[in-house]
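Quick notes on the structure that follows.
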Amino acid sequence: MKRWTMAMGVGAICALAGLYALAQEKPAGQDKPAQPPAKPEAKPEAKPESGKVESKLPLCPVMGETVDFTVKTMTDDGPVYFCCAECIEKFQKDPARYADKVTAQRARLRKRERIQVCCPVSGEAVDRKQVEQVDGQEVFFCCAKCPAQYKENPARFKAKLEGCYTYQVRCPVSGKKIDPAAYTDLPTGQRIYFCCKDCPAKFLKEPDKYAEKLTEQGVNVDVDKLKKP
Ligand SMILES: [Zn+2]
Ligand SMILES: [Zn+2]
Ligand SMILES: [Zn+2]
């Protein structure tokens with residue numbers, strides 16, 4: 001009787017071992033690429049460009065999502081960017097509540113490339129020839145009259161100047177640096193910058209083709225809204 005039990009026990013162990021082996025074999029054979037969990041870095045390495053840009057995008061102080069640079073509001077010390085319009089409303093009800101998040105957003109903004117597109121005095125598009133060094137900073141203006149007014153009291157225009165930069169610095173069509181004078185205002189109310197005056201038409205003709213180049217830069221365009229006649 002004892003022997004019989006032993007044999008049963010051994011048999012059971014063998015059966016269990018067999019099952020175990022099967023269970024082990026199945027996932028190993030099926031998801032071989034997922035097998036080495038020691039290398040989670042392998043994926044980001046595969047596409048470093050888009051990954052890098054995305055991880056550096058600032059975050060919405062309300063939701064914590066990446067911002068859309070065309071969704072912003074002005075404050076006394078410069079613009080704040082959000083992920084959507086609803087977040088602007090929430091922010092405006094209680095700006096103090098989001099102060100730390102705004103500070104964090106600005107820390108990320110400082111690491112990004114930006115291009116001054118409007119005059120801090122008038123708000124008009126800059127003329128690249130109207131440039132002055134003020135307190136060690138290169139500032140562009142719309143005309144020859146504005147620099148004098150600016151230099152009288154640069155602090156007065158500090159927040160305005162901060163709001164005069166675009167972080168969409170690459171033309172979605174060519175990939176070249178944008179020209180502040182080459183832009184188009186979409187029906188969505190978003191201003192998109194290009195490298196030259198020929199590119200807006202190319203973009204509007206095939207927005208699907210170029211929209212991703214804007215998303216990478218923190219500008220989300222609803223392509224369907226552009227297709228409507
Ligand atoms: Zn939002
Ligand atoms: Zn001017
Ligand atoms: Zn162009």
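Computed over protein heavy atoms with a 1.4 Å probe, the carbon and sulfur contribution to the accessible area of region 118-163 reaches 44%. A Förster radius of 45 Å, combined with the Cβ-Cβ distance separating D224 from E152, puts the computed FRET efficiency at roughly 0.40.
Sorting 65-71, 120-126 by their mean Cβ neighbour count within 10 Å, with the most densely packed peptide first, gives 65-71, 120-126. Applying the criteria of a DSSP loop state and at most 15 other Cβ atoms within 10 Å to the trypsin sites (Lys or Arg not before Pro) of region 150-229 yields K176, K197. Spatially, region 166-180 and region 131-155 are offset by 24 Å when compared through their Cα centroids. Phi angles across region 203-220 convert, under the Karplus curve 6.51 cos²θ - 1.76 cosθ + 1.60 with θ = phi - 60°, into 3J(HN,Hα) values of 5, 5, 6, 9, x, 4, 5, 10, 4, 5, 5, 7, 4, 4, 9, x, 10, 9 Hz, Gly and Pro given as x.
Classified by the C-alpha gyration tensor, region 118-163 has a rounded form. Its axis ratio a/c, with a ≥ b ≥ c, is below 1.5.
The values are calculated or read from the model by the stated rules, or taken from the named source; none is laboratory data. The structure presented is a predicted model; accordingly, all values stated were derived computationally and were not measured. Don't worry about glycine lacking a Cβ; one is built from the backbone with ideal geometry, like all the others, and counts go over all protein chains shown. Areas reflect the complete protein model, heavy atoms only, side chains present, ligands, DNA and RNA absent. Shrake-Rupley method; radii C 1.70, N 1.55, O 1.52, S 1.80 Å.
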